[in-house]
Amino acid sequence: MIVKYVKERGYEGNGADPLLTLNKEYIVFRVEFRTDGHPTSIAVPIDRDGSLGKFYINCFSVVDSRVPLEWNLTTRPATFCLEPIEFSDTFWDDYGDDDEAAEQVFFDVHKKLKTFHEEGNKLGQPFI
C-alpha cells in the first residue's frame, strides 16, 4: 500500500515537520484498525531517519491499495492489524528496543515492499 501525506498532522515544533513531508508518498508497513473509538493508523518510514512512525490515516490519501498476499491479519485487544507476516510475534517490541535482528527484518521487508510496488506498476496489476 502506498499513501500520500495530504493533511498536516499538527506538528507544533520549530520549523518544518521533521517526520513527514506534505504531498510525499510513503510505503505503508502496517495498518492498525481500532475497535475502541481510536482512529485507524498506519506505520510509514519517517523522513528524519527512515525508521517507522505511526500516524492517523486521516492525514493521508491512498495512492495504491495493493498489499502483498503474504500480509497477515492479527488481532490484539481492541485492535486488528494488517501487516507483513515477518512482523508477527515479537517484532514490534524488538524493533522498539533497537534489536539488530529486528532492524534487519525491517530492511528486508522494506526492500520486498519496494520491489512489490515497482513490479506491480510495470505489470499494470489491478489493486487488491
Subject >> the chain - charge dipole about Cα centre, Lys and Arg +1 at Cβ, Asp and Glu -1, debye rounded to 20 >> reply: 760 debye
Subject >> Zone of Lys4's modelled label, taken as backbone nitrogen in region 26-69 under 16 Å from a point 7 Å along Cα→Cβ >> reply: 26-28, 58-66
**OP:** Would you calculate a helix-derived [θ] at 222 nm for the chain, using -39,500 (n - 2.57) for each DSSP H run of n ≥ 4 and dividing by the full residue count, to the nearest 500?
**Re:** -7500 deg cm²/dmol
Subject >> Pairwise label distance in nanometres, Thr21 with Ser88, each label 7 Å out on the Cα-Cβ vector >> reply: 3.6 nm
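Values quoted throughout were computed directly from the atomic coordinates according to the rules given, and no laboratory measurement underlies them. Here the structure is a predicted model, which means the values were calculated and not measured. Here the Cβ is made from the backbone with ideal geometry for all residues, glycine too, and neighbour counts use every protein chain on show.
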